[in-house]
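Report on one structure; see the data block that follows.
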Amino acid sequence: MKREAKNATYDPAGQRVFSGYPPGRNFMRNTASGLRNFRDFGTSASVERLPLPSGELYRSGHLARLDEQSRERLVGHDWKLIVDLRYPDEQKRDPSPWPTDRDMTCLRIASGSSRDAPHFEMFIAARSGGTTMDEVYTSFYRELPFDPLYRPFFADAIREIARARGPILIHCTAGKDRTGILVAMLLDLLGVDAETIRADYLKSSSIVTPEFTQTIGDQIFDKSGERLSESEIRAMLAVAPAYLDAALGAIRAAHGSVERYFIASGLTPSEIEAVRRRSGMSEGQC
C-alpha cells in the first residue's frame, strides 16, 4: 500500500529535523469516512512564534466505523504510537482496526471496564442529580486530571510520546473530552499559548452534526428508554472554554503548572524535555 508521506527524521539527540508532510495537509478526509473529529493538532496549534511539526500529532474520535477505503488508508499509515483513552468496555464495543503485526505502540486503559464514555455518564449524572450539563461537565474536567486511573495514564502517554519516532494518534470515543484534556496538557508542555490551545479544543464542536446527534439520540434511547431533544443532545456533545479552563485551572491551583503536575505524576524533567525535543522544541523555546 502506498503511504501518504515520509516519516520524520531525527538527529542523535532525538531532535526532529524533517517532516515529509506539506504544512497543514490532512491525509484523512474527516467528513465522508466515518472518522469523527480527526485532525493534525500540530498544524492546528502552530503559530508563527512556535511552529509545531506537521504530520506527526493527530487526535480523533474512535476508529470503529470507518468505511473500507478509509480504514485501509488509516491502518496503512506509518503510525508509531496510538494512545487510546477509552475504558475497556468502550474498546470492546467499538474495537480499533489495528493489526497485531505492526511496529507501533498501542497504549490502552486496562481497567475500569464498567465505565462508559463521558458524554453518556454526564447525561446520567445530570438526570440523577438534578443539575445541568454545564455543571457536570465542569466538574468532570476539573476532576479528570486527578483521577486515579487517568492521572498515571496521562503521564505514561507523555512518556511514550517522547519516545515515539513518527506519527502519533490520541483518541477516545468522541475525541473531545479525555482527548481534549490530554492534548491541551501536551500543548501546554510544548509552550503553546492558552488562546491557541483553546482554539484547537473548540474545533471539536464540528462533531455536532445532524447525523451524529441522531446516532447519540438513538444510543441514549437504547440505554435509557428516554428520547432526548436535539438541544439536549447538543448539550451532551458540547465543548466550552469553561470546561477546558476548569481542567487547566485545577492543575495550576494544585501544582502551579502543567509541567509540575507531570513531575508530581512521576515524569522526570529529562522526559519532559524529550517531549519538547521530539516536537522540534528546545527548553529555551518553551
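Between Thr209 and Ala264, what is the FRET efficiency for a Förster distance of 35 Å, r being their Cβ-Cβ separation, to the nearest 0.05? According to the calculation, E is roughly 0.35. Panel order for Ser128, Ser206, by other beta carbons found within 10 Å of each beta carbon, from fewest to most: Ser128, Ser206. Amide hydrogen proximity for Leu85: with H placed 1.01 Å from N in the peptide plane, the residues at 5 or more positions away or on another chain lying under 5 Å are His171, Cys172. Can you list the residues of the range 157-192 with backbone N under 19 Å from a point 7 Å past the Cα of Arg108, pointing along Cα to Cβ? So the set is 157-158, 160-161, 168-175, 178-179. Entry note: the range 58-108 has Rg to Rh equal to 0.92, where both radii use alpha-carbon atoms and Rh is the Kirkwood radius. Taken over the range 132-264, the ratio of Cα radius of gyration to 2.2 N^0.38 Å equals 1.13. Charged side chains reduced to their Cβ positions (Lys and Arg at +1, Asp and Glu at -1) give the range 131-286 a dipole of some 540 debye around its Cα centre. All other residues whose Cβ lies under 15 angstrom from that of Thr173 are scored, Lys and Arg at +1 and Asp and Glu at -1, for a net of +4. With the simple model of a label 7 Å out from the Cα in the direction of the Cβ, Glu135 to His255 spans 3.0 nm. Extension gain, Trp98-Asp222: 0.36 nm per intervening residue step, less the Cα-Cα distance, totals 41.8 nm.
Here the gap between Glu143 and Arg163, fully extended at 0.36 nm per residue and compared with their Cα-Cα distance, gives a gain of 4.4 nm.
One chain, two ends: Ser231 and Glu72. Fully extended at 0.36 nm per residue, the span grows by 53.7 nm beyond their Cα-Cα distance.
None of the figures in this text is laboratory data; all of them are computed from the coordinates on show. These numbers were taken from a predicted model, which means no experiment stands behind them. So basically every Cβ, Gly included, is an ideal-geometry build from the backbone, and we count neighbours across all protein chains shown.
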